[in-house]
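Comments concern the structure below.
The values are calculated or read from the model by the stated rules, or taken from the named source; none is laboratory data. Not measured: the values here are computed from a predicted model. Every residue, glycine as well, gets a Cβ built from its backbone with ideal geometry; the counts of neighbours run over all protein chains shown. Note: areas computed on protein heavy atoms with side chains; ligands, DNA, RNA excluded. Shrake-Rupley method; radii C 1.70, N 1.55, O 1.52, S 1.80 Å.
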Amino acid sequence: MADKTKPCLISCSVLKEEIQKLIKQGNLDVNVVFVSKYFHVDFSLIEKNLRQIIQQNLPLFPAGIVLVYGDLCLGMNNEMKQLAEEYGIVKVDALNCTDCVFGGKGKSSEADPNHELLVLNPGLIGFFQNVRETAKAENVDEETLNQLFSGIKGIVLLDTLGEADKNRAEIEKMNTGLAILETKPIGLEHLKQVIREAMEQNAQKTGTKSAF
C-alpha cells in the first residue's frame, strides 16, 4: 500500500534491483513505480508509458514525483528534461541509467570515453538477454545478432549488488563474442547520491521532508 505522505520515484526497471536494495537497506524511504526497461527499443513507447504513469501518480503523491531516467532516454534533444518540466517534476541529473550508477552528471563517460565498450549493470544484462531471446524467436541467426555489437571492443561489468560471479555467468550465456574486460565493484553509493540530490530538489520544490 502506497504511503501518500512520501514522494514517489518513477524509474526505469534497469535500476530495479539497485533501488529495491537501497529501500531494503533503509537508505531510501519512498514509494516507487518501475517502468519496463523493454520499452527502450522505442522512444515513442517509453514516452507513451511514462506519460500514462506520471499522469496516474501525480494526484496521488503531494510529496512529489522524482523521475529516475537519463537525459538521453527519450532522444538527443533534451526530450526527457522537457517531459519532466512539462509535468513540474524533478529528474535525476544523469545522461542515462548507466550514468546514474556512476553518480550522474556524465561521469559514466570516464569509463568509456570513446563509446567503444558495453557497460552493463544487472538490469542491462537482463535487457540484452531479452533482446537476443526475442530476436531468436523471430529466427534471427547468431551472426546477425552479434552484429548488434559491431565496433564494441568488450564488456565492462558494473557489480552494483555484490553478485559479480552470477553476472559474469549470465553474460557468458549471451554468447556475444565480447570478452569481459573489467569488473567494477561500484556498489550503490553513487546511485544513492544522484537520487539523494534529486530528492532534495524535490523536497525544496514541494516543501516536504527529504526521503533520506
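Might you check whether a residue that is open to solvent by 60 Å² or more (accessible area, probe 1.4 Å), out of contact with any His (no Cβ under 6 Å at 6 or more places or on another chain) and touching a residue at least 24 places away in the same chain (Cβ under 8 Å) occurs anywhere in segment 64-74?
yes
Let's see how each residue does on (1) open to solvent by less than 20 Å² (accessible area, probe 1.4 Å); (2) within 18 Å of S13 (Cα to Cα); (3) under 20 Å from the mean Cα position of the chain (by Cα):
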| site | (1), (2), (3) |
| --- | --- |
| D93 | no, yes, yes |
| E110 | no, no, yes |
| P113 | no, no, yes |
| L124 | no, yes, yes |
| Q129 | no, yes, yes |
| G151 | no, no, no |
| I155 | yes, no, yes |
| A164 | yes, no, yes |
| N167 | yes, yes, yes |
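So which of F43, F39 is of a type in the set (A, V, I, L, M, F, W, C), closer than 25 Å to S108 by Cα, open to solvent by less than 80 Å² (accessible area, probe 1.4 Å) and free of Cβ contacts under 8 Å to residues at least 40 places away in the same chain? Before the answer, list the steps.
Working: F43 fails: open to solvent by less than 80 Å² (accessible area, probe 1.4 Å).
Among F43, F39, only F39 is of a type in the set (A, V, I, L, M, F, W, C), closer than 25 Å to S108 by Cα, open to solvent by less than 80 Å² (accessible area, probe 1.4 Å) and free of Cβ contacts under 8 Å to residues at least 40 places away in the same chain.
What are the residues in segment 169-209 that are more than 21 Å from the chain's Cα centre (by Cα), open to solvent by less than 40 Å² (accessible area, probe 1.4 Å) and not aliphatic (A, V, I, L, M), if any?
Within segment 169-209, T176 is the sole residue that qualifies.
Where in segment 137-212 are there helices (runs of 4 or more DSSP H), lying wholly inside it, with at least 3 residues that are in contact with an Asp or Glu (Cβ under 9 Å, 6 or more places away or on another chain)?
On the way: elements: 142-146, 164-173, 189-206.
Per the criteria, 189-206.
Find all pairs meeting these conditions: Cβ atoms under 7 angstrom apart; at least six residues apart or on different chains; first residue within segment 179-204 and touching a residue at least 40 places away in the same chain (Cβ under 8 Å) and closer than 11 Å to C100 by Cα; second residue in a helix (DSSP H, G or I) and among the aromatic types (F, W, Y).
Every condition considered, the pairs that remain are H190/F102.
Taking segment 106-119, which residues are in a loop (DSSP other than H, G, I, E, B) and free of Cβ contacts under 8 Å to residues at least 24 places away in the same chain? It would help to see each step written out before you state the result.
So the first thing to find is which residues in segment 106-119 are in a loop (DSSP other than H, G, I, E, B), and the list is 106, 111-116.
Correct list: G106, P113, N114, H115.
Pairs, please: C-beta under 8 Å, at least 6 apart or cross-chain, first residue without any contact (Cβ under 8 Å) to a residue 24 or more places away in the chain and in segment 10-26, second not aliphatic (A, V, I, L, M)?
From segment 10-26, the pairs are I23/D29.
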